[in-house]
Each structure stands twice: as C-alpha cells, then as structure tokens.
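The values are calculated or read from the model by the stated rules, or taken from the named source; none is laboratory data. Since this is a predicted model, take the numbers as computed values, not measurements. Every residue, glycine as well, gets a Cβ built from its backbone with ideal geometry; the counts of neighbours run over all protein chains shown. The accessibility values were calculated without ligands, DNA or RNA, using every heavy atom of the protein model including side chains. Shrake-Rupley method; radii C 1.70, N 1.55, O 1.52, S 1.80 Å.
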Amino acid sequence: MAEQGVLMSSDRGHRVAIVEFGALLHANGFVAATDGNLSVRLNEKHILVTPTCISKGRMRPSDLVIVDMEGKRVAGKRRVSSEIGMHLLIYRLRPDVHGIVHAHPPTATGFAASGLDLNRPLVCEVVVGLGSIPLARYGTPGTPELTGALEPLIPNHDAILMANHGVVTFGASLESAYMKMETVEHFAKIALVTHLLGNAQPLGEKEVEKLNEVRHRYKTSSSSRRPVAADDLRSDELQSDDEPKETAGSRG
Ligand SMILES: [Zn+2]
C-alpha cells in the first residue's frame, strides 16, 4: 500500500500530461471515439497508461492506470488499454523511451491502409527529426501478431506506420512522442500533396547522408537525450556544409 501511495502522489505531473496530450490528439482529429492510447514510463517497474473504452479527449487524471512490466494492473480502477503489449514491448526494447503515443491520424493512416510507408526523403527536417517512417505489416490489434510485426522496426525508428491500423510514435518524453505524431501526420499531408502535383523531387543520396549526420550528432550528443525536433535545428545547420554546432539542445 505504501508503494502505491508513493506512486499516486509522485505521478501527478505525468497524469496531467497524458490528459493534455490525449485532448490534443482528439482536438487535432488524430483519434475518433475511444481510439488511441498514451503511456509514460514512471520508473523501471511501472508504466502509467490510458484505460480502454474512454475518449482521449475527455479523460481525468484519475482515469489512468498503472501497470507493471508484465502488464498487470497495480493501481487504478479502469481496465488497461488493450494495446498495452505494444507499449511494454517498446519500453523493453528501447531504454531511452519514456513516452509513447498511438493514434489513427487520417492521412498517415491512409498511407498505412494503402500499403505505403513514408520513407521518401521529401522534406529535410523530417529526415533529421525522424529519419524514415517505415510500415509494419498488419497484425490484429492487442495480439502478438501486431507486436511481432513492430518488433524488428522498434530499435531503429521513433515513428512506425501500422498497416490498416494507424501510427505509433515514441521518444524520451511523452511530449516528444506526441510531437512526432504531429510531424508524421503533417508529413503525410505533404507527401499526399506532392503525389497529387505529380512532380516529386526527393532529396538525393548525398543530401540525405548530410542530414543523417546532423541527425546522428543530435541523437548522440550528451545534451540531447531529449528528442530531435525539426525546429530545434538552426537553418544554418540544414543549409551549410559546415560541421553542425552542438548548442541547440540547450536552447529554451
Ligand atoms: Zn489503434
């Protein structure tokens, strides 16, 4: 009981964050009805996660559930999300991840339902921020079929399209995971318009290589355990051939 009491009092900020980002998912039309789920790694043993059968736009902090690393509920009254297996797999494979968002944003999900990934290097900042956005084969939600399809892609990606289903994004914080969801849907819209215009001009291999160097530098620099976001990059880092400087991570 004492342990639960500590958990309940120290996780208040994370509960509020999940409620806020859930409301943003709903407001942006990334989920409908009771779709989607969000979670935060509280410590090595516990995950705070959204319950099943609730609108992500209308949650209260007390609706959330705490589970252990086997998915067993240790606090909360509601039933845990049926996608908890996917969250646990990502936390197990990626010790750097502390927040996960799953949603069904319509444009990106349209790509996923058309058998299309979002791997084409059409926008420089997306290459730096996310690298590529692969498509995992279809698996029935809430089953090992789905986690099996995601497993090989999780170590090297922070955003994955799930065939005929939706998108999952993850990062060093819940905010980072949410921002990546926005980036994926925004990029999917750009990719769609590019396709409609019929004159796509993807970046060349050399340009992509340079952007990947910037991406790698941000990922490995000690000050940037936090996510690489497109707007963290100064324009000179994307445009010049100079070695990128490592100060942007400390900007407010
Ligand atoms: Zn889903």
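For trypsin sites (Lys or Arg not before Pro), the sites in the stretch 129-217 that DSSP calls loop and that have at most 16 other Cβ atoms within 10 Å are Arg137. The His195 and Val16 beta-carbon pair, evaluated with R₀ = 41 Å, returns a calculated FRET efficiency of approximately 0.55.
Grouping the Cα pair distances of the stretch 35-141 into 5 Å bins from zero gives a pair-distance distribution of 2, 11, 19, 19, 18, 15, 10, 5, 1, 0 percent in increasing distance order. If you wrap the Cα atoms of the stretch 1-95 in a convex hull and average its projected area over all directions, you get 5.7 nm². Excluding same-chain neighbours fewer than eight residues apart, the lysines reachable from Lys206 by a Cα-Cα span under 29 Å are Lys180, Lys189, Lys219, Lys245. The stretch 12-37 and the stretch 174-189 have Cα centres lying 13 Å from one another. Which trypsin sites (Lys or Arg not before Pro) in the stretch 1-93 pass both tests, a DSSP loop state and at most 14 other beta-carbon atoms within 10 Å? The qualifying sites are Lys45, Arg58, Lys72, Lys77, Arg79. Enumerate the lysines that Lys77 could reach by cross-link, defined here as Cα to Cα under 29 Å, with residues fewer than 8 away along the same chain left out. Here the lysines satisfying the reach criterion relative to Lys77 are Lys45, Lys56. Here the ratio of the Cα radius of gyration of the stretch 70-216 to 2.2 N^0.38 Å is 1.08.
Mean separation of Cα pairs under 8 Å and 6 or more residues apart, divided by the residue count, gives the stretch 1-125 a relative contact order of 24 percent.
Keeping all protein chains in place, calculate the accessible area per residue for the stretch 13-138 (probe 1.4 angstrom), answer in Å².
About 42 Å² of surface per residue is accessible.
When the solvent-accessible area of the stretch 91-181 is split by element, carbon and sulfur atoms take up 55 percent of it, the probe being 1.4 Å.
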